[in-house]
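Report on one structure; see the data block that follows.
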Amino acid sequence: MRTCPICLSAAREVLWRSDFIVPDGWTKPPYLDWCKCQCGMIYADNDKVTQADYDTYYSERYGYGVDDHDSRLRIAQRAIYIRDNFKRNARIVDFGGGEAGLTKRLAKFGFTDLTNYQIGDTMPKDCDVIITEHVLEHIYDVETAVALITASLKDDGCLIVDVPDSTQIAFKPSVNLPQLDFSQVHINHFRIIDILRLLDRFGYELRETYNYPERMMFGRCYIFIKREYAVADLSKEWVQGNIARKVDALKALGNQPVIVWGLGDIAMHLLAVVKPNVQYYVCNDPAFKDATIDGVPVKELPDTLDTILIMAQTQKKLLIENIRKLGVQNEIIEI
């Protein structure tokens, strides 16, 4: 019995069975039980089939009809994304990439280290980018496939995954799809949460995702970074680096008298770290009316010619424009 490809549980409910005629000698199963795991993942099972049976089928039989306008457009767009985001010497693998359409396009863009991985091939090591476009929905042993991909990808490498978007397909079905995407070969029906849970187990962080129409259904692209807690780590690097530079700029003011204009979060943070010679604050937020900070008053307008100090993120330009519209001609320092 197949366990859930997401949480590996054997606890499941069989929703229905689909029977199929199968040509003599083929290794596709004559029926599939559509199962819902306790985690919500939907997948197909037949207790007499193995990954080797599917490998034989895909090696010998699969491929007719997949080269259409929608798939060519998707591959062209993916090639442009890689062209615009990676160096030309990046090691790139198209995992299960059919007739090498993507790698051929990338070669035309000047990429030199390209592999179109097929069943039985040796997977390259230290890859910068691995693409699995409409592959994982076909794989019986998802755990082994993702483990192979992960072992081959560099830390901080990029994994691009495309699969049918089972949520969109279910909520926006086409009248021309009475069976939806429950075919003989699409044996994993991923929701967004399923892909996130699967890749989280292997140490990936989602960078972006979007869906798109394809052949009267919907596909979804996920772009992952092989790095646990990448969002936390990258946020820490960005914030600490930028704040350190602003702290240095504040310290460089020495004892110069300044008027702090604007009391947004970044100003409040920087002023907790460095104590410049603040004469008073100017802020039009009603919450600060008649307030003081360490005994220093908050005013609505300046009444001296001291230098104005502005510390802001998104409102800096607007603050300066408003200052000049008010006719205030004090010198302005931006940090």
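The condition of being surrounded by 19 or more Cβ atoms within 10 Å (Cβ to Cβ) and more than 22 Å from Leu73 (Cα to Cα) holds for only one of Val129, Val146, Val135, that being Val146. Taking the listed residues Lys104, Lys87, the one that is among the charged types (D, E, K, R), assigned by TED's automatic domain parsing to the domain that holds Gln184, assigned to a loop (DSSP other than H, G, I, E, B) and over 24 Å from His186 (Cβ atoms) is Lys87, with no other qualifying.
Here's the yes/no breakdown for (1) among the β-branched types (Val, Ile, Thr); (2) in contact with a Cys (Cβ under 8 Å, 6 or more places away or on another chain); (3) in the same structural domain as Leu309 (by TED's automatic domain parsing):
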| position | (1), (2), (3) |
| --- | --- |
| Trp238 | no, no, no |
| Ala252 | no, no, yes |
| Gln256 | no, no, yes |
| Gly262 | no, yes, yes |
| His269 | no, no, yes |
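Taking the criterion of being in contact with a strand residue (DSSP E or B) (Cβ under 7 Å, 6 or more places away or on another chain) and either among the small types (Gly, Ala, Ser) or in the same structural domain as Ile195 (by TED's automatic domain parsing) (or both), the only residue of the stretch 34-52 that qualifies is Ala44. The residue list Ile266, Ile193, Ile259, Ile243 contains one member that is part of a strand (DSSP E or B) and among the β-branched types (Val, Ile, Thr), which is Ile259. Filtering the stretch 269-292 to residues that are in contact (Cβ under 8 Å) with a residue 12 or more places away in the chain and either over 42 Å from the mean Cα position of the chain (by Cα) or assigned to a loop (DSSP other than H, G, I, E, B) (or both) leaves Val274, Pro276, Asn277, Val278, Gln279, Tyr280, Cys283, Asn284, Asp285. Has the stretch 43-66 got at least one residue that is over 24 Å from Val146 (Cβ atoms) and part of a helix (DSSP H, G or I)? Within the stretch 43-66, one or more residues are over 24 Å from Val146 (Cβ atoms) and part of a helix (DSSP H, G or I). Counting the residues of the stretch 209-229 that are within 11 Å of the chain's Cα centre (by Cα) and either of a type in the set (S, T, N, Q) or more than 22 Å from Ala145 (Cβ to Cβ) (or both) gives 2. Restricting Leu319, Leu309 to those that are under 42 Å from the mean Cα position of the chain (by Cα), touching a residue at least 40 places away in the same chain (Cβ under 8 Å), surrounded by 12 or more Cβ atoms within 10 Å (Cβ to Cβ) and within 13 Å of Pro257 (Cα to Cα) reduces the list to Leu309. When you scan the stretch 3-33, how many residues do you find that are under 29 Å from the mean Cα position of the chain (by Cα) and either assigned by TED's automatic domain parsing to the domain that holds Phe182 or touching a residue at least 60 places away in the same chain (Cβ under 8 Å) (or both)? The number of residues fulfilling the criteria is 4.
Right, Leu177: touching a residue at least 24 places away in the same chain (Cβ under 8 Å), part of a loop (DSSP other than H, G, I, E, B) and in the same structural domain as Leu73 (by TED's automatic domain parsing) or not? Judged against the criteria, Leu177 is a match. If you go through the stretch 232-239 one residue at a time, do you hit one that is under 28 Å from Asn322 (Cβ atoms), without any contact (Cβ under 8 Å) to a residue 12 or more places away in the chain and among the β-branched types (Val, Ile, Thr)? Scanning the stretch 232-239, I find at least one residue that is under 28 Å from Asn322 (Cβ atoms), without any contact (Cβ under 8 Å) to a residue 12 or more places away in the chain and among the β-branched types (Val, Ile, Thr), so the answer is yes.
The values are calculated or read from the model by the stated rules, or taken from the named source; none is laboratory data. Given the structure is predicted, the values throughout are model-derived calculations rather than measurements. With ideal geometry, Cβ positions are generated from the backbone for all residues, glycine too; neighbour counts draw on all protein chains shown.
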